Each structure stands twice: as C-alpha cells, then as structure tokens.
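The values are calculated or read from the model by the stated rules, or taken from the named source; none is laboratory data. Fair warning: this is a prediction, and the values are worked out from it, not measured in the lab. So basically every Cβ, Gly included, is an ideal-geometry build from the backbone, and we count neighbours across all protein chains shown.
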Amino acid sequence: MTNRDKTKESALKLFNEMGYANVRLQHISDDCLVSVGNMAYHFKNKQAILKAVYEDLAQRHQSLLSDLNQVPIFDYMDEHFQKVYRVVETYQFFYLDTNDIIRSDEEIALKYTQYLKWEKEQLIQVFRFNVSRGSFLPMSEDTLAHLSELISLIKQGWVNPVILKDPEANQRFKTFIWDTLYPYFSERGVTEYEQMRKLHQTNW
C-alpha cells in the first residue's frame with residue numbers, strides 16, 4: 001500500500017472515530033506510520049486529505065448507482081440498498097458531520113450538490129423503469145422526482161450514533177426504504193416483492 005493510500009485509510013478511520021474536526025495531521029501520521037513530511041508530499045493539509053476521502057466516497061456511490069441502472073429490478077435494488085448502507089457506514093463521519101464539512105469546503109459542497117442532483121436523476125430512471133415494466137403504479141414526473149428525493153434523504157439522514165451501534169441497522173435501513181416504496185407498487189410489484197422476501201427470508 002502506498003503512503004498516499006495509508007494516509008487516506010488512517011484518516012478515514014480517525015474521522016469516523018473522532019470526528020473530522022478533532023483529527024490533526026499528527027494523529028493521522030501516528031496511526032499510519034507515515035511522517036507528516038511524507039504525507040505533505042501527497043496532501044498539503046488535512047483539507048486535502050478530506051477531499052481525497054470524499055472523492056472515494058462519491059466514486060463508490062456513483063459506481064453502485066450506475067451498476068443498479070443496468071438491471072434495476074427488485075432483487076438488484078435490494079442488493080443495492082444493502083451495499084449503499086455499507087458505504088454510508090464506512091464513511092459515517094461525512095453523514096454525521098455533513099453540514100460542518102460542506103460549510104468548511106466550498107469545493108466539496110459544490111461536488112456534493114452536483115452528486116445529489118445526479119443521484120436523483122439516476123433514481124428517477126430506476127423508478128421509471130419499474131413503472132414501465134408494471135411493477136410500480138403509473139406516476140407523474142413530479143411523483144417520480146418526489147420519490148427519488150425521499151430515498152436520497154433517507155440515505156443522507158439515516159446515520160446517527162445510536163443507529164450505528166444497532167447490529168440490525170443495515171436491515172432496518174433496507175426495510176425502511178422498501179416500506180417507503182411499497183405504496184407505489186402495482187399488484188405485480190407487491191407479488192414480486194413478497195416473493196423476493198420469501199426467497200431471502202433469512203435476511204428479513
């Protein structure tokens with residue numbers, strides 16, 4: 001592993017454990033056993049490390065949504081929701097401190113705003129596809145947009161210190177999203193959903 005990757009890995013670990021604002025470069029250096037001088041070769045300051053960690057977070061979410069849009073049927077949606085929670089859990093500091101982070105860094109604020117817009121568009125495509133195949137009820141464009149925003153907000157607001165200690169947090173996250181989507185299912189969608197639940201009943 002390169003010193004750059006070691007630095008990012010330790011920074012992510014410490015941001016999660018201590019909160020971004022409480023971590024100093026020396027903390028990261030001590031954890032990854034890379035001198036502050038060597039870290040400076042890759043990152044001029046803690047803000048630069050934060051930006052690199054955020055880029056990794058954004059890339060993982062983008063990859064998951066792009067993969068889902070290849071085959072956005074219920075089974076793949078279910079798998080997607082589980083993977084999304086794992087990413088949120090892995091980068092929990094960002095979701096716990098979102099407001100402070102975006103207030104402190106205009107570049108991240110802009111990129112995060114752009115990402116949320118893209119995420120909403122991708123979710124609309126997923127839901128529109130399921131309308132077209134008869135698993136969702138017919139919806140107006142406004143309803144599609146509203147539903148995609150709801151799912152995005154659940155992801156953004158799900159993490160808190162209490163939930164993170166819950167061993168069932170991943171399952172609760174997934175169930176909450178499905179419960180939000182359920183009223184929009186057609187009869188075919190309800191049948192498909194119940195069949196999926198029975199097939200994966202050990203995970204429900």
(request) Please identify the pairs in which a residue from the stretch 159-177 that is without any contact (Cβ under 8 Å) to a residue 60 or more places away in the chain and of a type in the set (Lys, Arg) has its Cβ atom under 9 Å from the Cβ atom of a residue that is surrounded by 14 or more Cβ atoms within 10 Å (Cβ to Cβ) and in a loop (DSSP other than H, G, I, E, B), counting only partners at least 6 apart or on another chain. (result) ARG172/TRP158
(request) Determine which single condition ASP97 fails, assuming it passes every other condition in (1) at pLDDT 95 or above; (2) assigned by TED's automatic domain parsing to the domain that holds GLN122. (result) (1)
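For (1) of a type outside the set (Ser, Thr, Tyr); (2) touching a Phe, Trp or Tyr at 6+ places or on another chain (Cβ under 6 Å); (3) more than 16 Å from PHE94 (Cβ to Cβ); (4) outside the structural domain of LEU164 (by TED's automatic domain parsing), each residue gets a yes or a no:
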{"site": "MET1", "(1), (2), (3), (4)": "yes, no, yes, yes"}
{"site": "LEU12", "(1), (2), (3), (4)": "yes, no, no, yes"}
{"site": "SER29", "(1), (2), (3), (4)": "no, no, yes, yes"}
{"site": "ASP56", "(1), (2), (3), (4)": "yes, no, no, no"}
(message) I need every pair where a residue in the stretch 179-193 that is in the same structural domain as MET77 (by TED's automatic domain parsing) has its Cβ under 7 Å from the Cβ of a residue that is at pLDDT 95 or above and in a strand (DSSP E or B), sequence separation at least 6 or different chains.
(response) TYR184/PHE136; PHE185/PHE136; SER186/PHE136; GLY189/PHE136; TYR193/PHE185
(request) Working only within the stretch 40-76, note down all residues that are out of contact with any Leu (no Cβ under 6 Å at 6 or more places or on another chain) and of a type in the set (D, E, K, R). (result) LYS44, LYS51, GLU55, ASP56, ARG60, ASP67, ASP75
(request) Output the residues belonging to the stretch 61-82 that are part of a helix (DSSP H, G or I) and buried (at least 17 other Cβ atoms within 10 Å of the Cβ). (result) HIS61, LEU64, LEU65, LEU68, PHE74, MET77, ASP78, HIS80, PHE81
